[in-house]
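Notes for the one structure printed next.
Just so you know, all these numbers are worked out from the coordinates, no wet-lab data involved. Nothing here was measured: the structure is a model prediction, and the numbers come from that model. Using ideal geometry, Cβ is built from the backbone for each residue, glycine included, and neighbour counts are taken over all protein chains shown.
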Amino acid sequence: MPIKQLVDLPNTLPVHSVDRMSPFHFWLHCRFRDKPLHIRGAASDWKATKMWTPSSLSALLSDTDVIVATCKAGVFDYNANATTGLVHEREKVPFSEAVDAILAASTHGEHFAYIQQHSIAEKFPALQEQVERPECLDPSKFLNEVNLWLGSAGCFSPLHFDELDNFLVQVSGRKHLTLFDKRDSPRLYPNVGQELAHCSMIDLRHPDHARFPLMVGLQAYAITLEPGDMIYIPRGWWHAVHSLDTAISINYWWSGIFDIFRQGLQSVWSTEGRKEIALFLRQLTSREGK
């Protein structure tokens, strides 16, 4: 059941969009603009975009255990001081059962269900050959994590930022994103002192300007991702994500060699990160041997 996007801020510009981008031009964009970038149809030819639906994934991964989160308000805010209701997590739910819950939620709208941030390499190795590396990303960059997201229409990830650069690829359904510049962080009321300090205290669906006056007049950016679209979200940029339909997405957190020293090895030492570093070292050795 498609639904209307919830966030409608007055001072909003569209995210800059392009049809394609080479690794060199993407590097220029990152180096000199450092802003989100919407790449239309970047994944339109991928196997995942052509083959994945909730039903097809349910059939392929039926007995694979996942964690499915549910909540009544649809806002998946895990901070203890959240005012949007509790988020319940059920562990070791068969994938097929989780998909049934997600589809039922999309149809009836009585609650919302979400499979969030599940590593494809670790949880769903059968899907790896259908997941491609974004062609605009230079081979010297590491894919730290590649995750699957599958949720019902209406799921809302509240305003937050990530510590690594991010690609969000829309495989099926649509998602609407609202973004703010990282330079505006002091005016976005981070949850300082809370477990999830990278999340904002602002409920972007219903902004309380009396409680959060510094956010008034902030420049926002927005984009609706269609199937096959991809958005680059620079590290530190704030974003809220709203599923307009039952939606399947892949996100890629990635970094460069200097990020290892800037952020420490732990930030890149996931399964994907180890594989990417090993590949980079093999390529480097191969070049030196020529």
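Odds and ends about this structure:
- Per-residue [θ]222 nm for the chain (sum of -39500 (n - 2.57) over DSSP H runs n ≥ 4, rounded to 500): -6500 deg cm²/dmol
- Alpha-carbon centroid distance for the pair region 105-129 / region 70-85, whole angstrom: 18
- Among (i) 0.99; (ii) 1.05; (iii) 1.62, the entry derived from the coordinates for Cα Rg over 2.2 N^0.38 Å: (i)
- Region 216-231 residues near the modelled SER17 label - backbone nitrogen below 14 Å, point 7 Å along Cα→Cβ: 222-231
- Nonlocal amide H pairs with THR64, under 5 Å, H built at 1.01 Å: PHE95, SER96
- Estimated inter-spin distance, GLU226 and ALA126, nm [label 7 Å along Cα→Cβ]: 3.2
- Fully extending the segment from SER56 to GLN219 would add 54.7 nm, taking 0.36 nm per residue of separation and subtracting the current Cα-Cα distance.
- Subtracting the Cα-Cα distance of ALA104 and GLN194 from their residue separation scaled by 0.36 nm leaves 29.1 nm.
- Per-residue HN-Hα couplings for region 244-250 [Karplus 6.51, -1.76, 1.60; θ = phi - 60°; Hz; x = Gly/Pro]: 8, 9, 4, 10, 10, 9, 10
- In the chain, a dipole from Cβ-located charges (positive for Lys and Arg, negative for Asp and Glu) runs towards its positive end, and of ALA105, ILE257, SER55 it is ILE257 whose Cα lies farthest in that direction.
- Label-point separation in nm, ASN81 to HIS25, each point 7 Å along Cα→Cβ: 4.5
- Among the listed pairs LYS35/LYS123; LYS35/LYS92; LYS72/LYS175; LYS92/LYS182; LYS47/LYS182, those beyond 27 Å (Cα-Cα): LYS35/LYS123; LYS35/LYS92; LYS92/LYS182; LYS47/LYS182
- Region 13-288: relative contact order in percent, alpha carbon pairs under 8 Å with at least 6 residues between: 27
- Computed lengthening from ASP208 to HIS118, 0.36 nm per intervening residue step minus Cα-Cα distance: 29.1 nm
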